[in-house]
Amino acid sequence: MGLLDSVDWQGNIFKNGEWTAGRGGDYAVVEPATGRELGRMGRATPEDVAEAGVTAARAQREWAALPHTARAAVLRRAGDLWQKHAEEISGWNIREVGAVPGMAGFALHVAAEECYEASSLPGRAIGEVLPSEEPRLSMARRMPAGVVSVISPFNVPIILGIRSVAPALALGNAVILKPDPRTAVTGGTLMARVFEEAGLPPGVLQMLPGGADVGEAVVTDPSIRVISFTGSTPVGRRIGELAGRHLKRAHLELGGNSALLVLDDADVDAAVNLAAWGSFFHQGQICMTTGRHLVSDRLYDEFVERLAEKAGALPVGDPASGEVALGPVIDAGQRDKIHRMVTASADQGARVAAGGSYEQLFYRPTVLADVPLTAPAFADEVFGPVAPVTRVSSVEEAVELAGASEYGLSLGIVTRDVMHGLAVAERIPTGIVHINDQTVNDEANAPFGGVRASGTGSRFGGAAANVEAFTETRWITMRGKPAQYPF
């Protein structure tokens, strides 16, 4: 039996261990490739958040009090369930998100690995003994933060939700998950069902899709102490402001405009292969997407020609109906934004070497050559299948342009001299570096996050980052006898 077959999820949210109607009614779940309605999703309201916060805080205390082995077992079972129900979950990812099958399979692999990685956290050391000048035992102990809200985006909803949900739960927290309403089945309902089947106690994970009012509520609700957000930089700034006003921690993984530097000693064929994957994979709807190609003058013309040829040959279409390289973008608003940026860049002098057109929500992989530095496709995050290529005359110019962006998420460098590539990377502010690889990579045990306008650092992935993100440090002392003071 499938994950969704045994529960009444249609038109509902998941609150306090029950599939129940949200106060905001329900709405259609739409397949972007066809416009077909796939089902109905419940819509939460701030009142739902308030109720969920109270019950989550109560459930969290009982969950944190369980033996660490019990929490670890739930996470291991969740990892197994991602694999057991791979076909069902992948089907939703393909239809609701528009992911090609390869991307859907990768998301499931990462989801399982995130749960397995998180299952090791409950058994780790939770503190340290500190030296003290007094006759007492002095300790620093890591305690669960309490209730954590996880706000995940539409583009890669499984990975970008589970990478916070799993470690937060493992470390003894309760979680209120707010998935993007456009992909709330893949990024919310299925995740809630995985943990429900894994034996997570009622109330420890609650799933509340909704609009901006619900997003604000899961930041400001007094029961919630930590916010983990993945999404755009403008929204991240707003969440950071709200969290700061309420004296809460917000971990923000935001936008990017990641650069791929193709140095003058690079192999052009290898560089083009990396560039195409970095810019066109998942329709460019990834925060780490290669948004700027800075190519040595010596290789530039050949690079543009070959990348344009590759882009022109990539099949685009419904990922549920056949083998395609690119599926649809998420909706008409995103498609129109992409096209505006492409046409505005062309108006400023960029040459459309490939693509630049669309049918319905299927945007052709696009190569822009001779892109001015002020063009929108170079200066801003496109979040679509667009590869802006700019000529550089030296490594120094490439470093200057790569570092001039307000973003700092991921960086790729293609060169035959890897030590030189590493030295170049040291000069560019960024959270992630890949030498002889493109900018889109993810592993469950690796720290992940950006600097500058790309976020608040590596608070996503890796044991040390997760412990830092989802626990509080408590100082504890113990004396054999009560202390004596002068009065």
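Figures for the structure shown
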read-out	value
Hits in the range 204-228 - residues which are open to solvent by less than 10 Å² (accessible area, probe 1.4 Å) and either closer than 17 Å to Leu3 by Cα or not in a loop (DSSP other than H, G, I, E, B) (or both)	Leu205, Gln206, Met207, Val214, Val218, Val219, Ile224, Val226, Ile227, Ser228
Residues of the range 444-455 satisfying the condition of being within 14 Å of the chain's Cα centre (by Cα), in a loop (DSSP other than H, G, I, E, B) and crowded, with 19+ Cβ neighbours inside 10 Å	Ala444, Gly449, Gly450, Ser454
Residue in the range 183-203 that is open to solvent by 10 Å² or more (accessible area, probe 1.4 Å), under 17 Å from Tyr27 (Cα atoms) and part of a helix (DSSP H, G or I) present	no
Residue within the range 408-426 that is under 25 Å from Asn273 (Cβ atoms), in a helix (DSSP H, G or I) and not aliphatic (A, V, I, L, M) present	yes
Count - residues of the range 372-387 that are of a type in the set (A, V, I, L, M), open to solvent by 10 Å² or more (accessible area, probe 1.4 Å), over 16 Å from Asp336 (Cβ atoms) and outside any helix (DSSP H, G or I)	1
Contacts under 6 angstrom Cβ, first residue in the range 365-384 being over 29 Å from Val324 (Cβ atoms) and at pLDDT 95 or above, partner assigned to a loop (DSSP other than H, G, I, E, B) and among the polar types (S, T, N, Q), 6 or more apart	Pro372/Gln348
Selected residue [surrounded by fewer than 18 Cβ atoms within 10 Å (Cβ to Cβ) and either touching a strand residue (DSSP E or B) at 6+ places or on another chain (Cβ under 6 Å) or over 30 Å from Glu134 (Cβ atoms) (or both)] from Thr473, Thr430	Thr473
Residue in the range 274-283 that is open to solvent by 30 Å² or more (accessible area, probe 1.4 Å), without any contact (Cβ under 8 Å) to a residue 40 or more places away in the chain and not hydroxyl-bearing (Ser, Thr, Tyr) present	no
Which numbered condition Arg391 fails, given (1) surrounded by 24 or more Cβ atoms within 10 Å (Cβ to Cβ); (2) touching a Phe, Trp or Tyr at 6+ places or on another chain (Cβ under 9 Å)	(1)
Neighbours by Cβ (under 7 Å, 6+ apart or cross-chain): first from the range 108-134, of a type in the set (Phe, Trp, Tyr); second crowded, with 21+ Cβ neighbours inside 10 Å and modelled with pLDDT of 95 or more	Tyr116/Gly79
Scan of the range 157-180 for residues that are under 26 Å from Ile330 (Cα atoms) and either in a strand (DSSP E or B) or free of Cβ contacts under 8 Å to residues at least 24 places away in the same chain (or both), ordered by number	Ile176, Leu177, Lys178
Candidate set from the range 284-325 (those that are part of a loop (DSSP other than H, G, I, E, B) and over 25 Å from Ala104 (Cα atoms)); member that is least open to solvent (accessible area, probe 1.4 Å)	Leu299
Hits in the range 30-51 - residues which are under 21 Å from Ile176 (Cβ atoms) and touching a helix residue (DSSP H, G or I) at 6+ places or on another chain (Cβ under 9 Å)	Met41, Gly42, Arg43, Ala44, Thr45, Pro46, Glu47, Asp48, Val49, Ala50
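The values are calculated or read from the model by the stated rules, or taken from the named source; none is laboratory data. For clarity, every value in this text was computed on a predicted model and none was experimentally measured. For neighbour counting, all protein chains shown are included, and Cβ atoms are generated from backbone atoms with ideal geometry for every residue, glycine included. Quick note on the areas: whole protein, heavy atoms, side chains included, nothing else; ligands and nucleic acids left out. Shrake-Rupley method; radii C 1.70, N 1.55, O 1.52, S 1.80 Å.
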